[in-house]
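FYI, it's all coordinate maths here, none of it is from the lab. Model, not experiment: these values are computed from the prediction. For neighbour counting, all protein chains shown are included, and Cβ atoms are generated from backbone atoms with ideal geometry for every residue, glycine included.
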Amino acid sequence: MNTQVQDPVSPKPMPEPARLEIRNLRRNFQGREVVSDVSLKVMPGQVTCLLGPSGCGKSTTLRMIAGVDMQDSGEIYVDGALVCDTVHRVPPEARSIGLMFQDFALFPHLSVAQNVGFGLSGTRGEKQARIEDLLEKVGLLSALKKFPHELSGGEQQRVALARALAPRPSVMLMDEPFSGLDERLKDEIRDSTLEVLKAEGAAVLLVTHEPDEAMRMADEIALMRDGRIVQQGAPYNIYNAPVDKRSAAFFSDIN
Ligand code: ADP
Ligand code: MG
């Protein structure tokens, strides 16, 4: 007989809520549906990759989440709170969303530290501590007083990452953030970016058309095609059990 005393009232831990959840998003342009019934979640500390060929509707999906475009139907939740459906619409700057795009632009007339601190609130000391913490994480603490034109492309990218993470957004949206970079630097920058995202515990929705980038960075992949998510799961499972021949072919150019 089990003599251990069981506590009959101790509850199971609550499942951790999603940082971002989108439900049944749709978007038409001139009568053509480019996003069709897209649903997905991004969990705390995880990188979810929205992966699919050019033109399949990835950026349109991200733009609706960011609040710079509006869906025809469906809902968007951040930290469990509705930020947009067809009736309610929280403005982009109030959604606790960090953004990073290919054409990220640093403020050219501001120093690295000023760029990172741009969207921060709090006391001077708090801001300074946050700026230094992030610049340390991206390996650019020594460049604090430099200006963007004094940095390489890869370094500017790291400052942009620090700037986007600085206000501790609930979710980071990254749209093909590495596509402008030199092919030889990409893997190294992907790895160092992932390290920073993990150190920050960020919840990330990363858009890419490159399967190897998704395999390298994602905890979860949502495979998109013609406006729909056709398969979703762990990278290993998606790679090993593609849903059909088109998915298999899409992955086949990974070395
Ligand atoms: P992806 O980011 O996956 O390459 P997009 O979301 O940018 O794809 O585009 C999906 C489709 O929607 C494309 O065919 C594109 O031409 C079309 N599209 C995107 N934005 C607009 C717009 N503002 N007006 C009309 N068509 C658009
Ligand atoms: Mg795009």
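Brief remarks on what is shown
- Considering each residue of the range 80-94 in turn, none proves to be within 11 Å of ligand 1 (Cβ to nearest atom), surrounded by fewer than 19 Cβ atoms within 10 Å (Cβ to Cβ) and under 18 Å from the mean Cα position of the chain (by Cα).
- Top-ranked residue in the range 5-39 [being surrounded by 12 or more Cβ atoms within 10 Å (Cβ to Cβ) and assigned to a loop (DSSP other than H, G, I, E, B); ranked as farthest from ligand 2 (Cβ to nearest atom)]: PRO17
- Scope the range 40-58; condition under 18 Å from VAL204 (Cβ atoms) and surrounded by 19 or more Cβ atoms within 10 Å (Cβ to Cβ); matching residues: LEU40, LYS41, VAL42, GLN46, VAL47, THR48, CYS49, LEU50, LEU51, GLY52, LYS58
- Within the option set PHE101, PHE147, being over 25 Å from ASP69 (Cβ atoms) and aromatic (Phe, Trp, Tyr) holds for one residue only, PHE147.
- Within the option set SER59, SER39, being over 13 Å from the mean Cα position of the chain (by Cα) and among the small types (Gly, Ala, Ser) holds for one residue only, SER39.
- Qualifying residues in the range 51-82 (those that are assigned to a strand (DSSP E or B) and closer than 29 Å to ARG216 by Cα) - the one nearest to ligand 2 (Cβ to nearest atom): LEU51
- Scanning the range 187-219 for residues that are more than 13 Å from ligand 1 (Cβ to nearest atom) and in contact with a Cys (Cβ under 7 Å, 6 or more places away or on another chain) returns ALA214, MET217, ALA218.
- Just one of the numbered conditions (1) over 20 Å from the mean Cα position of the chain (by Cα); (2) not in a helix (DSSP H, G or I) is not true of GLN114: (2).
- Some residue of the range 168-191 being within 16 Å of ligand 2 (Cβ to nearest atom) and of a type in the set (Asp, Glu): yes
- Residue-level check: of (1) more than 16 Å from ligand 2 (Cβ to nearest atom); (2) touching a residue at least 12 places away in the same chain (Cβ under 8 Å); (3) out of contact with any Gly (no Cβ under 7 Å at 6 or more places or on another chain), GLN114 misses just (2).
- Lone unmet requirement of (1) more than 29 Å from SER179 (Cβ to Cβ); (2) touching a residue at least 40 places away in the same chain (Cβ under 8 Å) for VAL87: (2)
- Hits in the range 72-127 (condition: within 26 Å of THR208 (Cα to Cα) and among the charged types (D, E, K, R)): ASP72, GLU75, ASP79, ASP85, GLU93, ARG95, ASP103
- Of the residues making up the range 16-54, those that are near ligand 1 (Cβ under 8 Å from one of its atoms) and either polar (S, T, N, Q) or touching a His at 6+ places or on another chain (Cβ under 9 Å) (or both) are GLN30, GLY52, PRO53, SER54.
- Any chance LEU106 is within 16 Å of ligand 2 (Cβ to nearest atom), under 21 Å from ALA202 (Cβ atoms) and surrounded by 16 or more Cβ atoms within 10 Å (Cβ to Cβ): no
- Residue check, ALA214 of a type outside the set (Val, Ile, Thr), under 29 Å from ARG26 (Cβ atoms) and in contact (Cβ under 8 Å) with a residue 40 or more places away in the chain: yes
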